[in-house]
Amino acid sequence: MGEIGTQDYGGVGGHLPVMPAEVLSWLKPRDGEIFLDCTVGYCGHASEILAASGPSGVVVGIDRDMQAIDSGRQRLHEFGNRVVLVQGHFVDLKGLLGIRGIREVHGALFDLGVSSPQIDDPSRGFSFQAEGPLDMRMDRSSGATAADIVNGTDEVDLANMIYQFGEERYSRRIARAIVRARVERPFTTTSELASVIESAVPGHYRHGRIHCATRTFQALRIAVNQELDHLEPALRNASDLLAPGGRLCVISFHSLEDRIVKQTFRALSVETGGELEILTKRPQLPTEEEIRRNPRSRSAKLRVIERIAKEGHA
């Protein structure tokens, strides 16, 4: 989920980053240091890091969503050249920093959730709560949309995708219903898809704790943006850039992401002979107070790894 926000997409406030106190506690920003926000979104965490690392700390923020980058430039205008916002994919972070002369950072953050402005903007197509085009692309300038996938994927592959990425128990029923419905008319909107999903699942499931379309929409979003494919190499690239004593924080929002983070951190610790040390043996969770204030934070899990400072380094 990511940040809870208002309809003010201009970036002047109203967006609460998930677990900000915990992120600052782990990163320990100090004056003059460089930090990398690999999913800068609407700059909630970046703003906090910049404030804590003044007067000369720097944040480099990367995001695929140009709307978020434009909003962030307005929101962080007061920090001047202390902030660098770049449209790009976090898997390319080494290259994006390299061409700017940055070879190491003192801390890095991945907030893998979709921001509230993205969720709440019907034109993005991430949510079934409002009518909108079936899009779901983080970068709207390229790539297949959710409609392309729903209308063009065969039933078996569609069912497997919904099961794998959405962990949806009724994936086969849903895929079958989608394929039947698209024969009559291709899907173009979020409400069309949600309606077919509702008709495909048992009655008791339609009125469960979460909406019956939630997992299918999650699966489509992951598939459209290839979110899981690039996560491990991006984590490895970010860890390579850590200066001695630097920490990498990752906030995930569903079990598939968290599993990749957990396994990658373990592998990095072994491969480096303990030079990269896992600081969170179990993921840190949001407080009950934060969940009450920001319900979208309820599924967040924070994991942290550190590059151990060798003798002779500060």
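Brief remarks on what is shown
- Under 17 Å from the residue 209 label point (7 Å along Cα→beta-carbon), backbone N, segment 249-280: 253-256
- Each peptide in 111-122, 267-278, 70-81, 201-212 receives the mean, over its residues, of other Cβ atoms within 10 Å, and ordering these scores from highest gives 111-122, 70-81, 267-278, 201-212.
- Surface accessible to a 1.4 Å probe, per residue, for the residues of segment 175-309, Å²: 47
- Using a cutoff of 8 angstrom between alpha carbon atoms and counting only pairs six or more residues apart, the relative contact order for segment 162-301 works out to 20 percent.
- Using C-alpha pairs under 8 Å with a sequence gap of at least 6, the mean separation divided by the residue count of the chain gives a relative contact order of 19 percent.
- Taking Cβ atoms as reference points and 13 Å as the exclusive limit, the residues near residue 106 contribute a net charge of 0, counting Lys and Arg as +1 and Asp and Glu as -1.
- Taking θ as phi - 60° and the Karplus parameters 6.51, -1.76 and 1.60, the scalar couplings of segment 286-295 work out to x, 6, 4, 5, 5, 5, 5, 6, 9, x Hz in sequence order, x denoting glycine and proline.
- Mean accessible surface per residue for segment 59-142, computed with a 1.4 Å probe while every protein chain stays in place, in Å²: 41
- Positive-end ranking of 297, 237, 309 along the dipole of segment 219-314, with charges on Cβ about the Cα centre, is headed by 297.
- Note on the chain: helix-only mean residue ellipticity at 222 nm, from DSSP H runs of 4+ residues weighted -39500 (n - 2.57) and normalised by residue number, equals -12000 deg cm²/dmol.
- Rounded to the nearest 20, the Cβ-based charge dipole of segment 217-314 about its Cα centre (Lys and Arg +1, Asp and Glu -1) stands at 380 debye.
- For residue 99 and residue 51, the difference between the fully extended length at 0.36 nm per residue and the C-alpha to C-alpha distance is 14.7 nm.
- Rounded to the nearest 20 debye, dipole of the chain from Cβ charges on Lys, Arg, Asp, Glu: 600
- Accessible surface of segment 197-314 [probe 1.4 Å, protein heavy atoms]: carbon and sulfur percent: 47
- Cα gyration tensor, segment 25-103 - rounded (a/c under 1.5), prolate or oblate: oblate
- Selection from 32, 72, 119 lying farthest towards where the dipole of segment 24-126 points positive, charges on Cβ: 32
The values are calculated or read from the model by the stated rules, or taken from the named source; none is laboratory data. Note that the structure is predicted; figures quoted are calculated from it, not measured. Note that each Cβ is placed from the backbone with ideal geometry, even for glycine, and that neighbours are counted across all protein chains shown. Side chains are part of the model used for accessible areas, which takes the heavy atoms of the whole protein and leaves out ligands, DNA and RNA. Shrake-Rupley method; radii C 1.70, N 1.55, O 1.52, S 1.80 Å.
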